[in-house]
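Notes follow the structure.
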Amino acid sequence: KGKGKGKVAPQPSAGSKGGAKGAGRGGGSCRVFFHNVLFETTPGYLMSRFKPFGTVVALDLYKTPDGRSKGVGTVDFAHPAEAQAAVAGLNGKEVDGRPIGVDFDDPTKAPESGGVALYGPVRS
């Protein structure tokens, strides 16, 4: 377990209960999915971009079996409102010279067109 991923798991703040499996109080999602990140972008740099929106419980940057970044991953926040703020504040913004895509991590979510999901986490 954990093979093929670059994982950063900071300690939650004192009042935080954590965001197990992306579920939070109130039924909202605490997990967001990001994509279109440069392969050279580090988990630490990504953490610095997500932290202003709330307590980051975990950040997973997916990697290939040979250790190279896939440019996609997930971030777990302590509360759904923090995840919502990250989606609103980062989606489409420039990170390391590229527009990052940030949305809720929901594998059942399909585009409004009714087609196949445009992207989803792919684990090696």
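The values are calculated or read from the model by the stated rules, or taken from the named source; none is laboratory data. Here the structure is a predicted model, which means the values were calculated and not measured. Neighbour counts are summed over all protein chains in view; Cβ atoms, including those assigned to glycine, are modelled from backbone coordinates with ideal geometry.
Screening the candidates HIS35, HIS79 for the property of being surrounded by fewer than 19 Cβ atoms within 10 Å (Cβ to Cβ) and at pLDDT 95 or above yields one hit, HIS35.
Would you be able to say whether some residue in region 8-16 is outside any loop (DSSP other than H, G, I, E, B) and either at pLDDT 95 or above or on the phi > 0 side of the Ramachandran plot (or both)? No; the residues of region 8-16 include none that is outside any loop (DSSP other than H, G, I, E, B) and either at pLDDT 95 or above or on the phi > 0 side of the Ramachandran plot (or both).
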